[in-house]
Each structure stands twice: as C-alpha cells, then as structure tokens.
Amino acid sequence: MKKIIDQMTEIYVLRMGHRYIRDLRISTHCGLVAWALGAKGILFTGMYDKEMMKKLRETVERWGGEFEIGYVENWREYILEERRRGTYIIHLTMYGINIPTVEKALQKILRWKRILVIIGAEKMPREVYLLAHLNVAIKNVPHSEVAALSIFMDRITNGKALLEYPEHMKIKIIPQIRGKVIERGEPKYIEGDINREV
C-alpha cells in the first residue's frame, strides 16, 4: 500500500477533553478516522481511559498499519512544546475560517514537517484558539468532531485519504456491488453472490 500523504509531513491528532464512558464511542471513532485517513497518530487529553485506548490499539493491530496512540496530561504544555519544535497547529472549530476559503493554504501547510490537528470533546479553552496557527471550520454551525476530522483529512490530502490505505495492512476489503470479499493474508473469505448484477 502507498502512503496516503506522499510528502514527509507527519499529521498527529490531539483529541481534547475526553470524558470517561460519555465519549468512549466518539473518541474511538476519532482515532479510527485518524488512522484510516492517514494521520501518524492520535493523543488524548482529559480523563485517562485505558480501556478505550486498548480497544483502539487492538483494532489497529488487527487491521494493520503503523499508528501511534497516547495520552497527554497537560495539553497546554504539550501544544507549547509542539510550537517550539516547529509544528504547525491547526484547530478544527466551527468558529474558524471555513475550509473552502483556506484549501490552497492547506496545500502550502503540507510543506511543514509536522502538523498537529486539535479537536475537542467539550467547550475548548480560549487559549487553544490563540495557540493555534490556524482555526479551521468545516462549517460555521455545530457539527461532530468526527465529521470535521474526516473532511479535513480528505481536503488536506487532496482526496487521497479516501482512495489509499495505511501501509502494511493485514486485512483488505475488496469492494463489491454485492456480497463481501475480504483478504486476510493469503486466503480470501467470500460471502454472498458477488457476480449478481445491480
């Protein structure tokens, strides 16, 4: 499999303010979207949720691909340290500049060696809006952080995020009009009539 992001850019996601139980499903989905669409890893702040991160790791390990999963105790210090090391900080928020307006700028941002994309689970501290180099909105109305991350990764990769897959996949789905075809190493698992016309 080819790399989704051809450039040397590493994209990491910082999921702010995870809440135990309440955010279990959506935080897991944020991690899966980041992995599937080409990010290098995801870091969580807020409540430390060992089980959520364990389940996310298990899914990534089962399907394959290289992906980092971690926890950050102090989000402020982490973002400041990322700025010091030259990371470009993008905050996805409905209060930002609408993404069609900054699409050309996103391609220039890919020249940076490292990008940190911040998404929130709760009301974001005002400081985050000021620490970010760019506040980007998918749309200037309330929406899901999973949707925001998905659309952002699609736009910053020029659509490659939807066409290419993480490297070293252990499981591969072969698209079908009917039925399912799944490759797991050498053998194929086939279910349904894949030759039936639409």
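Note on segment 73-94: among residues that are under 18 Å from residue 113 (Cα atoms) and of a type in the set (Asp, Glu), the one that is nearest to the chain's Cα centre (by Cα) is 82.
Rundown of residues vs (1) closer than 21 Å to residue 158 by Cα; (2) under 12 Å from the mean Cα position of the chain (by Cα); (3) in contact (Cβ under 8 Å) with a residue 24 or more places away in the chain, yes/no style:
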| position | (1), (2), (3) |
| --- | --- |
| 34 | yes, yes, yes |
| 40 | yes, yes, yes |
| 50 | no, no, no |
| 62 | no, no, yes |
| 71 | no, no, yes |
| 104 | yes, no, no |
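Within segment 33-58, the residues that satisfy the criterion of being part of a helix (DSSP H, G or I) and buried (at least 17 other Cβ atoms within 10 Å of the Cβ) are 33, 34, 35, 36, 52, 53, 56.
Looking across segment 59-71 at every residue that is in a strand (DSSP E or B) and of a type outside the set (Phe, Trp, Tyr), the one that is farthest from residue 140 (Cα to Cα) is identified as 64. Counting only strands (runs of 3 or more DSSP E) that sit wholly inside segment 72-183, those with at least 3 residues that are surrounded by 14 or more Cβ atoms within 10 Å (Cβ to Cβ) are 88-98, 114-120, 134-137.
Read the figures in this text as sums done on the coordinates, not as results from a lab. Model, not experiment: these values are computed from the prediction. Cβ coordinates were reconstructed from backbone atoms using ideal geometry, including for glycine residues, and neighbour counts include every protein chain displayed.
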